[in-house]
Every structure is written in structure tokens, then in C-alpha cells.
1. Which is in contact with an Asp or Glu (Cβ under 7 Å, 6 or more places away or on another chain) and either surrounded by fewer than 16 Cβ atoms within 10 Å (Cβ to Cβ) or assigned by TED's automatic domain parsing to the domain that holds residue 96 (or both), of 353, 365, 290?
2. Answer with yes or no whether residue 300 is part of a helix (DSSP H, G or I), closer than 23 Å to residue 215 by Cβ and free of Cβ contacts under 8 Å to residues at least 60 places away in the same chain.
3. Is there a residue being farther than 16 Å from residue 20 by Cβ, part of a helix (DSSP H, G or I) and assigned by TED's automatic domain parsing to the domain that holds residue 29 anywhere in the stretch 96-106?
4. Quick check on the stretch 9-19. Is at least one of its residues surrounded by fewer than 14 Cβ atoms within 10 Å (Cβ to Cβ) and among the aliphatic types (A, V, I, L, M)?
5. Mind counting the residues in the stretch 62-84 that are over 17 Å from residue 158 (Cβ atoms), at pLDDT 95 or above and of a type outside the set (Asp, Glu)?
6. Assess whether residue 113 counts as being part of a helix (DSSP H, G or I) and under 26 Å from residue 61 (Cβ atoms).
7. Taking the stated definitions as given, is residue 120 touching a strand residue (DSSP E or B) at 6+ places or on another chain (Cβ under 8 Å), in contact (Cβ under 8 Å) with a residue 60 or more places away in the chain, more than 27 Å from residue 276 (Cβ to Cβ) and assigned by TED's automatic domain parsing to the domain that holds residue 18?
8. Take residue 119 and tell me if it is of a type in the set (Phe, Trp, Tyr), outside any strand (DSSP E or B), modelled with pLDDT of 95 or more and out of contact with any Phe, Trp or Tyr (no Cβ under 9 Å at 6 or more places or on another chain).
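The values are calculated or read from the model by the stated rules, or taken from the named source; none is laboratory data. Owing to the predicted nature of the structure, the values given are computational and were not obtained by experimental measurement. Counting neighbours? That spans all protein chains shown, and the Cβs are built from the backbone with ideal geometry, glycine included.
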Amino acid sequence: MNYQQLKEEIIAHCKEIGIDKVGFASSDPFLEMKSRLIRQEELGYQSGFEEKDIHKRVTPSAIFDEPYSIIAIALAYPSKMKQTPIGKKGARRGIFCRASWGRDYHAVLRDRLEKLEAFIVSKAPHARCKSMVDTGELVDRAVAERAGIGWSAKNCAIITPEFGSYVYLGEMITNLPFEPDEPLEDQCGTCTKCLDICPTGALVQAGQLNAKRCISFLTQTKDFLPDEFRTKIGNRLYGCDTCQTICPKNKGKDFHFHEEMEPEPEIVKPLLTPLLQISNREFKEKYGELSGSWRGKKPIQRNAIIALAHYKEASAVPELITVLEKDVRPVIRGTAAWALGKIGGEEAKAALLAAQETEQEKTVLDEINKGLAFFLTENEVNS
């Protein structure tokens, strides 16, 4: 079989089915990545969301019988909304990161990979394929880098010359012997803007991320957010784009190729206060198609409370008091208590003092005390 011709046909077909970039790589083990992952694990820098078995993450033959090639794909997503709602006093808004705009990208990329797989099998009936997106065993960035999709940048993203880092990645292992493409040369140069601006110092050095300090990871956790990060997440409800928006390679990059990826402004930049008491059903109906909903409503609500505190949004105090008094989840009650102290005012203080007398959960009592401490600090400053 003429595999070079098939490769060219695959490249042409990718354009027809809505794949913006495709590359081919060998299925050799990713030995350099293995060393990096082992070091990350030793340092405690992993998020915990990854595949636990490092061998599987870097060894295609451990997850696929007799692999020969890996096909990497990239789809470009928008970086700007066409009509951006503006938050204001009394109507503050949160934000979902760009990678969570539109329909869940896992579903979009799986659709493209399924179509690509069907095409390959129609041309080569003996072909075997295994596709994956994000939650698969292999490290998407390592595959994309080897396949020439883009270079691995200092902010740990893959940057493509055409679309910047605003791309979703996926890959397909196959038993077909395609000629591999050449990796791209690193084009970050001496630039360190992403390292310098990271709000939490999660980018330890070029190409090394402490995921547990990354705002993108922190917004997905379900427990109390550690104190040091509460003033760092701003109005982010899910994810963080700071190291992307600062990147010079992303300047002017904004692509609207895929209808499924178009953001609904009121969904991805929603009013904060209505989120505090949204039901499970309402949350699923409104936000269920976003990739940012995968952890459920609890992290989003906690982050919304922190965002209201960030804005010192006094109009939200009655809603926060209701949460403090009635929500059954300690994390949400406690975060509301902290936020009330941060926002301040006599109504908030009275609610905290009342809750101090009735609250039974120690973690919530700790947060109530943190909230009351803000008033003490305020009085000390005034005196």
C-alpha cells in the first residue's frame, strides 16, 4: 500500500471534516517526557487528574498492540467573544476560560477523530486505531510537539505558528507506517512574560508547572481554597488564561472556525449572584455542555462567592447570608462566611456573629472567625 499517498489523502480529508492541523509522529516511547513526569511526581507538582501510570503515559505500546504511528490533530478555538457582557456594581460577572467556551471540546474532538478513523479504515481496512483527547493515557502536548503541530512553550502550552496556543489537541495511535513529520523549532526565545505574570507563581521555570498552584487547577478543586490563593483568582469561575493572553505569539489570534466552539456570552461570563443558589437541574441545563462543568456546580459556586468578595459586592450580602445560614455544604457555608467578612458592613458582621453562636462544623467556624477578623483589622486601621 502507498502510505505516503494515504498520508496526503488524510491531510486533505482533515480539512474537509474540520480538523485545522494534523501531524504524524513515530510511536517510540517518550523518554524525555518520562524523566520530566518522574521529576514532577517527586516534587509533588502533579494535579492528580492525570493518568497515574507514568509508563502508560509515555509508552504507546503499553496501551496499543504493535503501534507504528501517531496522528496528532489540533482544532483552533476563539479567543474573543463577539458581544461581551460587561459586569458592573450590583451585577458582577464571573468568567469561564476560553478552553471552556462552547460545547465540551472532548466531545468535539472525539467527533472529528471518529470521522477521521472511519476515513482511514475505508482506505485501509487492515488499519487499527485508538483515539484519545485529554483524558487518555498519552501526554497530548508531547505527541503534538513530536508531530510538528507546535512547540512546547515556556508556559507548558503547545504554540502553533498559525493559531497560537488557542488550540485543542487530540491524537490517534495506529498500526499504519506513516512517515513522521519534523518537530518545530522553539520560538519562545528570551521572552519570559508568561513566567513573570503567573498570578500564583505556578510556572516554576520555563516548561515546568506546579499544577497544584495553577489557578486552572485550583478553580477545579472542591474543598476550601487555601487562603493564599483566594485573592489571586479574581472573578475566574473555571480555568485561567493569563499565561496565554500575555503571550506575544497569541497577539491577534482569534479564530471562529467551529460553530460548536462559539461562546454564549451569558453562559461563559455569567452574573455571579444567581449562581449562589442555582439548583443541580438548572446548573446542568445551563452549563452542562461546557467542559468547565465536569466537576459539578460546587467549585463554580465556591469560586463565585470568592469573586463577589474580590469585588466587595455589597449587594450580594443578603444572598451570602442566606448561603451561610442554609446551605448544607460546609465548604460553601464557610466560603460565604469568609466573603462576608471581606465585603464588610454591619449586616455582614451581625450575620457572622449570629452564625458563630449556632454553627457546629469546625471548618465553618474557622471561616467565620476569619471573616470576623477582617472587622478587627478594619477597626485597628480606623483607630
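1. Working: 353 fails: in contact with an Asp or Glu (Cβ under 7 Å, 6 or more places away or on another chain); 365 fails: either surrounded by fewer than 16 Cβ atoms within 10 Å (Cβ to Cβ) or assigned by TED's automatic domain parsing to the domain that holds residue 96 (or both).
So the residue among 353, 365, 290 that is in contact with an Asp or Glu (Cβ under 7 Å, 6 or more places away or on another chain) and either surrounded by fewer than 16 Cβ atoms within 10 Å (Cβ to Cβ) or assigned by TED's automatic domain parsing to the domain that holds residue 96 (or both) is 290.
2. no
3. The answer is yes; a qualifying residue exists.
4. Looking for residues that are surrounded by fewer than 14 Cβ atoms within 10 Å (Cβ to Cβ) and among the aliphatic types (A, V, I, L, M), one finds at least one in the stretch 9-19, hence yes.
5. From the stretch 62-84, those over 17 Å from residue 158 (Cβ atoms) are 62-69, 78, 80-84; that's our starting set.
With at pLDDT 95 or above added as a condition, the list becomes 62-69, 78, 80-81.
In the following step, the residues that additionally are of a type outside the set (Asp, Glu) were identified as 62-64, 67-69, 78, 80-81.
Adding up the residues that qualify gives 9.
6. Numbers: part of a helix (DSSP H, G or I): yes; under 26 Å from residue 61 (Cβ atoms): yes.
Spelling it out, residue 113 is indeed part of a helix (DSSP H, G or I) and under 26 Å from residue 61 (Cβ atoms).
7. Numbers: touching a strand residue (DSSP E or B) at 6+ places or on another chain (Cβ under 8 Å): yes; in contact (Cβ under 8 Å) with a residue 60 or more places away in the chain: yes; more than 27 Å from residue 276 (Cβ to Cβ): yes; assigned by TED's automatic domain parsing to the domain that holds residue 18: yes.
Judged against the criteria, residue 120 is a match.
8. Working: of a type in the set (Phe, Trp, Tyr): yes; outside any strand (DSSP E or B): yes; modelled with pLDDT of 95 or more: yes; out of contact with any Phe, Trp or Tyr (no Cβ under 9 Å at 6 or more places or on another chain): yes.
For residue 119, the condition - of a type in the set (Phe, Trp, Tyr), outside any strand (DSSP E or B), modelled with pLDDT of 95 or more and out of contact with any Phe, Trp or Tyr (no Cβ under 9 Å at 6 or more places or on another chain) - is met.
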